[in-house]
Amino acid sequence: MANSKTSNSYYPWLVVGMLWIVAFLNYFDRILITSMRDPIVSDFHLSDAQFGLLTSAFLWSYGILSPLGGYFADKYGRKSVIVFSVSVWSAVTIWTGFVTSYNEMLVARIIMGISEACYIPAALALITDYHKGRTRSLATGLHISGLYAGLTLGGLGGYIAELWGWRYGFQVFGLFGIFYAVILLFLLRDTSKASDTQPEAIKTLERQVNLVDSFKVLFSESSFRILLFYFCALGIVNWLIYGWLPTFLKEHFHLGLGEAGFSATGYVQVGSFIGVICGGLLADRWSRSNSKGRLYIVIIGFTLGAPFLFLMASTSVFLIGIMAMLVYGISRGFNDANLMPILCQIVDSRYIATGYGFLNFLSTIIGGIMVYVGGMLKDAHVDLSIIYQVSAVLMLIATWSLFAIKIKKTSY
């Protein structure tokens, strides 16, 4: 058994480092398929609708199962759920590299969505178990940066497909994921096994957690309901950016397809990398003197960032648009570093992962719907600039609703 000194020194940061790699794989494996569109469509003779369904099926299964994944992490422990999740989605990634039909690939994407849904709530809960007040936001932010890296580098799938064929990428990264799951099995520990000086962590994991009771407790909290409204607005805006920003930049600023695609992910992601680090450091420092420090960092972030999203949709100067995307990305990073720590301050500690899972569920489902609604509005000749302007106003209103949240816990 590790001693207290070991648990309180390097190991909590080792947990962040180990899970950073998993976070990278989480987004890289899921996004790989989008950058390999042409050879996959050619191999299986797919229509655009059929190819789009591969992503939609993933999102639906991922969103619907997220609350259940969080519940499993609360009930059975974070490590078990994390290792199970990585193992299954990596096996499915390998399977994707060997599929022989479109229907088989569709089933693989659904199973991948189910397995990946278990990871994020469990991982963030484990990180906040290890990282208390002084390091919680920074640790969360560093982990989230792994998701950004996976999303950004997922575009390499196109180059992999050109050099070795589209199946090769799935097979190689799937095998790496299986190997890494074995490493996690031996190195990763729940806090209940990290030290015999943490009786509260042990008690938390040993309590009986019931799914129905979890939802009753969570939804009885007015602050959690406010967070749900905020997260819905955030999901709408983020998925409109994921789904339609390349098209907007191409049409609005008259960019080429490649430049528009790179700009849509590159500038926002760079800003987000900066935001999770700076937002994490600032929030950890502010929270030492003010229990609402983390909450205020998120509010300040989008109070500044939402108007810049509006500016991006309004300007005709691409350089100003780049600056606006960077600032909005920073504000999103402020949010991502602090959302889970804020949740830890307002809900019962037994239901942290379940609560985050439900937030993930609502954001993904509503966001996925909004990608479709954005297409409908565009078909109805509603300019994307108007859609982004309205989204910016909605984001600002939702952000200011966070002032009504009541913080219950001031130290950890």
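Could you please tell me which pairs satisfy a Cβ distance under 6 Å, a separation of 6+ or placement on different chains, a first residue in segment 72-83 that is in a loop (DSSP other than H, G, I, E, B), and a second residue that is at pLDDT below 85?
G77/L205
Taking segment 345-361 only, how many residues are surrounded by 18 or more Cβ atoms within 10 Å (Cβ to Cβ) and either of a type in the set (S, T, N, Q) or touching a Cys at 6+ places or on another chain (Cβ under 7 Å) (or both)?
Matching residues across segment 345-361 total 4.
Determine which single condition S56 fails, assuming it passes every other condition in (1) more than 25 Å from Q171 (Cα to Cα); (2) out of contact with any helix residue (DSSP H, G or I) (no Cβ under 6 Å at 6 or more places or on another chain).
It is condition (1) that S56 fails.
Against the condition modelled with pLDDT of 90 or more and not assigned by TED's automatic domain parsing to the domain that holds A122, how does I241 come out, does it pass?
Working: modelled with pLDDT of 90 or more: no; not assigned by TED's automatic domain parsing to the domain that holds A122: yes.
Considered against the rule, which asks whether it is modelled with pLDDT of 90 or more and not assigned by TED's automatic domain parsing to the domain that holds A122, I241 comes out as no.
Scanning for something more than 12 Å from L106 (Cβ to Cβ), modelled with pLDDT under 85 and polar (S, T, N, Q), does segment 65-74 turn up at least one residue?
Within segment 65-74, none of the residues are more than 12 Å from L106 (Cβ to Cβ), modelled with pLDDT under 85 and polar (S, T, N, Q).
Please enumerate the residues belonging to segment 64-113 that are under 30 Å from Y351 (Cα atoms) and among the aromatic types (F, W, Y).
Y71, F72, Y76, F84, W89, listed by residue number.
Tell me the residue from G157, G165, G169 that is among the small types (G, A, S), more than 30 Å from I342 (Cα to Cα), in contact with a Leu (Cβ under 7 Å, 6 or more places away or on another chain) and at pLDDT below 85, please. Walk me through it before giving the result.
Values: G165 fails: in contact with a Leu (Cβ under 7 Å, 6 or more places away or on another chain); G169 fails: at pLDDT below 85.
Going through G157, G165, G169 in turn, just one is among the small types (G, A, S), more than 30 Å from I342 (Cα to Cα), in contact with a Leu (Cβ under 7 Å, 6 or more places away or on another chain) and at pLDDT below 85: G157.
How many residues, within segment 97-133, are closer than 17 Å to D43 by Cβ, in a helix (DSSP H, G or I) and touching a residue at least 12 places away in the same chain (Cβ under 8 Å)?
The qualifying residues number 5.
Is it true that some residue in segment 110-118 is over 16 Å from the mean Cα position of the chain (by Cα) and either of a type in the set (A, V, I, L, M) or in the same structural domain as T191 (by TED's automatic domain parsing) (or both)? Show your work before the answer.
Going through segment 110-118, the residues over 16 Å from the mean Cα position of the chain (by Cα) turn out to be 110-111.
Narrowing further to those that are either of a type in the set (A, V, I, L, M) or in the same structural domain as T191 (by TED's automatic domain parsing) (or both): 110-111.
Yes: segment 110-118 contains one or more residues that are over 16 Å from the mean Cα position of the chain (by Cα) and either of a type in the set (A, V, I, L, M) or in the same structural domain as T191 (by TED's automatic domain parsing) (or both).
Residues of segment 376-412 being small (G, A, S) and either in contact (Cβ under 8 Å) with a residue 24 or more places away in the chain or in the same structural domain as S61 (by TED's automatic domain parsing) (or both), which ones? Before you say what the answer is, go through the steps one by one.
As a first pass, look at segment 376-412 and keep what is small (G, A, S): 380, 385, 391-392, 398, 401, 404, 411.
S385, S391, A392, A398, S401, A404, S411, listed by residue number.
Residues to consider are I144, I178, I160, I94; find the one that is assigned to a helix (DSSP H, G or I), under 19 Å from the mean Cα position of the chain (by Cα) and either farther than 23 Å from L54 by Cα or in the same structural domain as L25 (by TED's automatic domain parsing) (or both). So that I can check it myself, show each step before the final result.
On the way: I178 fails: under 19 Å from the mean Cα position of the chain (by Cα); I160 fails: under 19 Å from the mean Cα position of the chain (by Cα); I94 fails: under 19 Å from the mean Cα position of the chain (by Cα).
Result: I144 is the single residue among I144, I178, I160, I94 that is assigned to a helix (DSSP H, G or I), under 19 Å from the mean Cα position of the chain (by Cα) and either farther than 23 Å from L54 by Cα or in the same structural domain as L25 (by TED's automatic domain parsing) (or both).
Any idea which of (1) in a helix (DSSP H, G or I); (2) in contact with a His (Cβ under 9 Å, 6 or more places away or on another chain); (3) not charged (D, E, K, R) is the one N335 doesn't satisfy?
(2)
Just checking, which of A194, A201, A233 is of a type in the set (G, A, S) and modelled with pLDDT of 70 or more?
On the way: A194 fails: modelled with pLDDT of 70 or more; A201 fails: modelled with pLDDT of 70 or more.
Answer to the selection: A233.
Among the residues that make up segment 270-281, is at least one of them under 24 Å from T364 (Cα atoms), assigned by TED's automatic domain parsing to the domain that holds P341, crowded, with 20+ Cβ neighbours inside 10 Å and polar (S, T, N, Q)?
Yes, segment 270-281 has at least one match.
Out of all the residues in segment 350-373, is one or more closer than 20 Å to A306 by Cβ, more than 21 Å from the chain's Cα centre (by Cα) and not assigned by TED's automatic domain parsing to the domain that holds L126?
Checking segment 350-373: at least one residue is closer than 20 Å to A306 by Cβ, more than 21 Å from the chain's Cα centre (by Cα) and not assigned by TED's automatic domain parsing to the domain that holds L126.
Six or more apart or on different chains, Cβ atoms under 7 Å: show the pairs whose first residue is in segment 182-201 and closer than 15 Å to A125 by Cβ and whose second is surrounded by 13 or more Cβ atoms within 10 Å (Cβ to Cβ) and at pLDDT below 50.
Every condition considered, the pairs that remain are D190/L205; T191/Q198; T191/A201; S192/A201; S192/I202; S192/L205; A194/A2; A194/S7.
Considering only segment 1-48, how many residues are out of contact with any helix residue (DSSP H, G or I) (no Cβ under 9 Å at 6 or more places or on another chain), in a helix (DSSP H, G or I) and at pLDDT 80 or above?
Final tally of qualifying residues: 1.
For S87, indicate whether it is over 27 Å from A337 (Cβ atoms), in a helix (DSSP H, G or I) and not aliphatic (A, V, I, L, M).
On the way: over 27 Å from A337 (Cβ atoms): yes; in a helix (DSSP H, G or I): yes; not aliphatic (A, V, I, L, M): yes.
Judged against the criteria, S87 is a match.
The values are calculated or read from the model by the stated rules, or taken from the named source; none is laboratory data. All values derive from a computational prediction rather than experimental measurement. With ideal geometry, Cβ positions are generated from the backbone for all residues, glycine too; neighbour counts draw on all protein chains shown.
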